[in-house]
Amino acid sequence: MSLIKLTLDIPVKTRLDTSEAIASANTGAGNGDERWRMLWHDPMQKEHLQSVRSLTEKLQPNCVNFLLLGIGGSSLGAKALQSALGDCALNFFVLDNIDPHTVQETIDLIKMADPTFEQTVVAVISKSGNTAEITSLLMVIERTMAAATFVAITGSSGTLRDVALSRNWDTLLVPDGVGGRFSILSPVGLFPAAMCGIDINALLDGAREMDDACKQETENPAADLAAALVGAMQEGRNIHIMMPYCDRLVQFAHWYVQLWAESLGKTTSEGVRVGPTPIAAIGATDQHSMLQLWREGPMDKVIGFLVVDTTNEIELGDSPMSTSQAWLCDQTLGSLLHAQQQATQSAMQDANQATWALTLATVDAHSVGQFIALWQATVAIAGRLLHVNPYNQPGVELGKKLTRESLKKIN
C-alpha cells in the first residue's frame, strides 16, 4: 500500500541539513527512550499482540462498558484511535481529568447500562502508578464500582503493578523505554483499540511501513517535515496548527498537540528556551473563528491540513434557501468540505502563511498507523535539530511536585 501523501509549502531561507539527525535517530532506534520504534517489530510486536488478543478474547464477550483511567499519553492515543476507527457495540468512556461533575456523570452513565457494574471493564493506565490524578480516580472508581473487572496497564515494576498483583487483576506491560506520548501502539493503545474492534495488526503494519520510509537518507517524510517545521520556527513561525477536515481525526490533532509540545518545548544545553506552540483546529468549523486571524494577522504560524480523499457522500438536493445559494444544488457534503479545505489552504498561501497537508486515501487502521509513526519519527528528528531531548518532561515533573505542596496548604 502507498504512504499517506505529504505536501509542504513552508518557505524557509535556509534548508536544515537532516543527515546527522536521521543517522542519530536510526542509531537510537530500539535503544533507551527510543524503544518505541520496536513496537511494530518482533519480538515486541508478537508479545504485545498475543497478550492483548488473549485478554480481549477473555473480557470482550461480557463487556458492556469500557472505562479507561489515564491522563496525557495514557489516554489521548486511545481516545484518538476509538474516535477514528472504533466499531463495536460496547460503551467507551475515558476519565482523563478529575473534574467532579464529569466523574460523577460518567459513573451515572455507566450505571445506566450496567447497574451492578459486573459487565464493566476498567483499564487503569499508568507506567508507575504515582500520578495523582490516576490514583485519585482509581480510589473513586474502586469505591463505586467494586464489582467491575479491573485491568492494569503499567510498567514492569512500580506502585500500580504492586496494587494489581495484590488485587489479582490482569495486567499488560508498558515496555521500558516507551514513554507515555510514544505509547499509543503499545498495549496502552492496542488493548482499548482491540476492545473497540479495531484491527491492531493493520495499525502496526502501517506504522512499520511508514517508519521504514522515515529511516531513509533521502525522500524521508519525517525528515522533510521536521526540517520544514523547525526551520519555520527558527524564522519566527512558532505557532503550529493541525486542522483535520474530518471529525474522526480531530482527537488525533489533540494527540499531536501533546506530542509536539511536551517533546520539543525545552531548554537546550546552551540554556536557550525553544519550542513550537501547537494548536488543534477543526475544519470547516474553525474557518468561522480563526480564518480572519490567519488571513490578515501575524505571519507567525504554520497551518497544517489533514485531508481524507474518500468520504460518505450525502447529496444536498436541489432546494436551497435562496437563489443566491443555487451553486450548492446537486453537490454533496463531502465535495463541499473538500472545496472548503482547498479554498482555505489557498487563502493561507495567498496571505504568505506557511502550510502543509497530509492526505489519507481513507480513514482505516493502516493509514492511521502510518500517521502515528510519521509524527513520532518527525519528533525524534526535530528534537535533534533543536538540540533538545524529546523524551523527558522536567517541567511536568515540577508541576507534580508543586501540586503535592499546594494540596497540603489547602488542607
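Between E270 and L316, the simple spin-label model (points 7 angstrom out along Cα→Cβ) gives 5.3 nm.
Separation of the stretch 307-382 from the stretch 78-96 is 23 Å, based on Cα centroids. In sequence order, the stretch 59-72 has phi-based couplings of 9, 4, x, 10, 9, 9, 10, 10, 10, 9, 10, x, 9, x Hz under the Karplus curve 6.51 cos²θ - 1.76 cosθ + 1.60, θ = phi - 60°, and Gly or Pro positions carry x.
Counted residue by residue at 0.36 nm each, then reduced by the alpha carbon distance between them, the extension gain from M139 to E105 reaches 10.6 nm. Give the residues of the stretch 224-259 whose amide nitrogen is closer than 18 Å to a point set 7 Å from the Cα of T332 in the direction of its Cβ. Under 18 Å, as judged by backbone N against the label point of T332, lie 245-248 of the stretch 224-259. If you take volume of the Cα convex hull per residue in Å³ from the coordinates, which of (1) 128; (2) 175; (3) 164 do you get? The listed entry that was calculated here is (2). Quick one: check the C-alpha center-to-center distance for the stretch 1-56 versus the stretch 176-238, whole angstrom. Result: 5 Å between the Cα centres.
Considering Cα pairs under 8 angstrom that are at least six residues apart, work out the relative contact order of the chain and quote it in whole percent. It comes to 22 percent, rounded to a whole number. Taking Lys and Arg as +1 and Asp and Glu as -1, the other residues whose beta-carbon sits under 13 Å from that of Q331 total -4.
Bridgeable aspartates and glutamates around K301 (alpha carbons under 13 Å apart, same-chain partners fewer than 8 residues away excluded): D9, E235. Converting phi to 3J(HN,Hα) with the Karplus coefficients 6.51, -1.76 and 1.60 and the offset θ = phi - 60°, the stretch 281-289 yields 10, 10, x, 9, 3, 7, 4, 8, 10 Hz in sequence order, with x at every glycine or proline. The residues neighbouring A148, those whose beta-carbon lies less than 14 Å from its own, together hold a net charge of -1 under the Lys/Arg +1, Asp/Glu -1 convention. Taking amide hydrogens as placed 1.01 Å from N in the peptide plane, the amide H of A354 sits under 5 Å from those of K301, I303, each at least 5 positions away in sequence or on another chain.
Separation of the alpha carbons by more than 31 angstrom is noted, of K5/K58; K46/K266; K5/K46; K58/K79; K79/K111; K13/K127, for K5/K58; K46/K266; K13/K127.
Each reported figure results from applying straightforward, stated rules to the coordinates on display, with no laboratory input. None of the values given here were measured: they were computed from a predicted structure. FYI the Cβ positions are ideal-geometry reconstructions off the backbone, even for glycines, and counts take in every protein chain you see.
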